[in-house]
Amino acid sequence: MAGAPDAPKRQGGRPLPASARAPPPPPRPRFEPVDREKTCPLLLRVFTKIGGHHSKEDFAVRGKEPKDEVQIYTWKDATLRELTDLVKEVAPAARRRDARLSFAFVYPDKNGRFVVREVGKTFSYGNGRRLDDSKTLAELSFEIGDYLDVAIM
């Protein structure tokens, strides 16, 4: 056909499949929002520490986790901002105007050794909002049973 553009072709002359020619569809959200009225919350074990995160060795022995634990019932669609506000209720150091909170998930790897993986940071007060404020546990690949380690700096 004269004047009609040819479809992009592979080496060898065969046309590319339609999926290779068209732009990808918009990304779907990785999770569905939770109906908090109908969905049972999960128990999140939160460990706080001033100055930095706990080390993976602090979690190595089951039953001997750090003593500065707070247990929070929440849902997988909870944001780091929501968790920041909950931590501020129980940790006076997190209420300082200039406090920053760093969040990390603590979970066992495939060999059973604990891993501490930092997932986001927030400011204690919203006047310096960061991009991480709106990240949810689900978006950050939280799995039920993971611990949350919060460094207050």
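Each value in this text was obtained by applying a stated rule to the coordinates, not by laboratory testing. Given the structure is predicted, the values throughout are model-derived calculations rather than measurements. All Cβ positions, even for glycine, are placed from backbone atoms using ideal geometry, and neighbour counts span all protein chains on display.
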What is the ratio of the Cα radius of gyration of the range 53-153 to 2.2 N^0.38 Å, with N the residue count, to two decimals? 1.05
Among the chymotrypsin sites (Phe, Trp or Tyr not before Pro) in the range 66-119, which ones are in a DSSP loop with at most 11 other Cβ atoms within 10 Å of the Cβ? Mind listing them? none
So which lysines can K38 reach, going by Cα to Cα under 17 Å and dropping same-chain residues fewer than 8 places off? K76
